[in-house]
Amino acid sequence: MFNPLIDELFKLSIIEDIGNGDITSQLIIPEDCKALAQIICKEDMILAGMPFVKRFFTILSSYFGFTPEQIYFEEYYKDGDFIKKSNVIASVKGNTRLLLAGERIALNLLQRLSGIATFTREFVKKVEDLPVKILDTRKTTPGLRFMEKYAVKIGGGINHRFALYDAVLIKDNHIKAVGAVKEAVIKAKNQCMHQKVEVEVKNLKELEEAISAGADIIMLDNMNIEEMKKAVEIANGRVLLEASGGVNLENIRNIALTGVDFISIGALTHSATAVDISMKIREVL
C-alpha cells in the first residue's frame, strides 16, 4: 500500500524534527534504556493511519541504528474503527530515546489522518441512506496527499482524481483560456478517447453547452439548491452531476436530495481538525 515517496517523506520528517538526536533525552536517559509506551485516544474518533505510523517507527529504527525487530508495535484497533475517548490504541516497546524521539511525528501523523477520517465520516453519515457519493479534492497538504486521501477512504468517502495527470477535469481557468465551455469539452473529447471528460459549469446555460458538447461528468460550481434541482432535471440522466463549493454539514443533505450523483468537499482535507491523541510511557523495562 505504500507510495515509494512515503519513506523519503518520513526521513525528511526525522531530519526536520530530530536531526542529530534529541538532546534532552541524550542528557538524561541512559543509551540502553528501554520502555513500554501507550498511544491513547483522548476523544471519540475514527482511527486512520496505523500502517503509516508502524512504517514510520521502522524507518526511525533504522535512522537510530536499530533493526525493525528491536521495536515492538502492538495495535489494538484497525483503521476505520470507532474508538471512544480514553481507550488505548496501541503499545510501542523499544529503546526509550527512540520512542521519545519519534513521539511527535507519529502523533502528528495519526492525529491528522484520524481527524480527516472522523470528519469524513460525519459527512457520509448525513447522506448514508441516499445514493450520492462523497468525494474529496486536491486541496491537500503538499507531500501528504497519498495519506490524506487514504484517510478520506477510511472515513467512508471516495477519492476524486489523485492529481492533474490521472483525470480530465476542465475548470473555470481552462475555459477562460480556451474561450467557452463547449469548445473546451469538444477539444478534450476529440483528443481523449479512453477517459471520461469532466467540466465545471457555473450556470444552467453552461450546463446545456456541456451536455451538447458530450461531457461525461459535469461539476456544478457553487450553485444554489434550486439551480441544482433544475440542473438535475435538464441533465435527465444523460450525464453524471457533481455538486461542488460551499458544502458543509448543515447543507449537505439538502444538496444530496437534489439528485446529484456526487458531492465533492475540499474541507474533508483542508479543514479537518486533528483529533487529540497522546503517547505515555507506562513502564521502564
remark   = Spelling it out for Lys34: with amide H atoms placed in the peptide plane at 1.01 Å from N, the residues 5 or more places away or on another chain with amide H under 5 Å from its amide H are Thr96, Leu285
Per-peptide average of other Cβ atoms within 10 Å, ordering 19-29, 183-193 highest first = 183-193, 19-29
inquiry  = Relative contact order of the stretch 128-226, please, whole-number percent, based on alpha carbon pairs below 8 angstrom and at least 6 residues apart.
reply    = 21 percent
task = Can you grab the distance from the C-alpha centre of the stretch 182-225 to the C-alpha centre of the stretch 228-282, Å, no decimals?
result = 20 Å
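Test of understanding: what is the full-extension gain from Arg282 to Glu226, defined as 0.36 nm times their sequence separation minus their Cα-Cα distance?
On the way: separation 56, 0.36 × 56 = 20.16 nm, distance 5.73 nm.
Extending this stretch completely gives an extra 14.4 nm.
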query = Charges only on Cβ, +1 for Lys and Arg, -1 for Asp and Glu: so what's the dipole of the chain about the Cα centre, in debye to the nearest 20?
reply = 120 debye
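Ordering Glu209, Glu233 from largest to smallest accessible area (1.4 angstrom probe), what's the sequence?
Values: Glu209 45, Glu233 125 Å².
Sorted by accessible area, descending: Glu233, Glu209.
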message = I'd like the FRET efficiency for Glu208 and Phe146, computed as 1/(1 + (r/R0)^6) with the beta carbon distance as r and R0 of 51 Å, rounded to 0.05.
response = 0.85
task = For n ≥ 4 DSSP H runs only, could you compute -39500 (n - 2.57) per run for the chain, divide by its residues and tell me the 222 nm figure to the nearest 500?
result = -13000 deg cm²/dmol
message = Give me the net charge for the shell around Lys42: Cβ to Cβ below 10 angstrom, other residues only, Lys and Arg +1, Asp and Glu -1.
response = -2
query = Considering only the other residues whose Cβ falls under 13 Å of the Cβ of Leu169, what net charge follows from Lys and Arg at +1 and Asp and Glu at -1?
reply = -3
ask   = Could you give me the ³J(HN,Hα) list for the stretch 65-74, computed from phi with Karplus coefficients 6.51, -1.76, 1.60 and θ = phi - 60°, whole Hz, x at Gly and Pro?
value = x, 9, 8, x, 5, 7, 10, 10, 10, 10
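With r as the distance between the Cβ atoms of Arg253 and Glu233 and R0 = 30 Å, compute the FRET efficiency 1/(1 + (r/R0)^6) and round to 0.05.
The value I calculate is 0.95.
Evaluate E = 1/(1 + (r/R0)^6) for Leu164 and Glu8, where r is the Cβ-Cβ distance and R0 equals 22 Å; express this FRET efficiency to the nearest 0.05.
On the way: r = 21 Å, r/R0 = 0.96.
Calculated value: 0.55.
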ask   = For Met219, which sequence-distant residues (separation of 5 or more, or a different chain) have an amide H within less than 5 Å of its own amide H, given hydrogens modelled in the peptide plane?
value = Val199, Glu200, Val201, Glu242
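Could you give the length gained on full extension between Ile28 and Glu122, defined as 0.36 nm per residue of separation minus the Cα-Cα distance, in nm?
Working: separation 94, 0.36 × 94 = 33.84 nm, distance 4.43 nm.
Length gained, Ile28 through Glu122: 29.4 nm.
The values are calculated or read from the model by the stated rules, or taken from the named source; none is laboratory data. A quick note: this is a predicted structure, and the numbers were derived from the prediction, not measured. No Cβ is skipped: glycine too gets one built from the backbone with ideal geometry, and neighbour counts run over all protein chains shown. The area values use the complete protein model at the heavy-atom level, side chains included, leaving out ligands, DNA and RNA. Shrake-Rupley method; radii C 1.70, N 1.55, O 1.52, S 1.80 Å.
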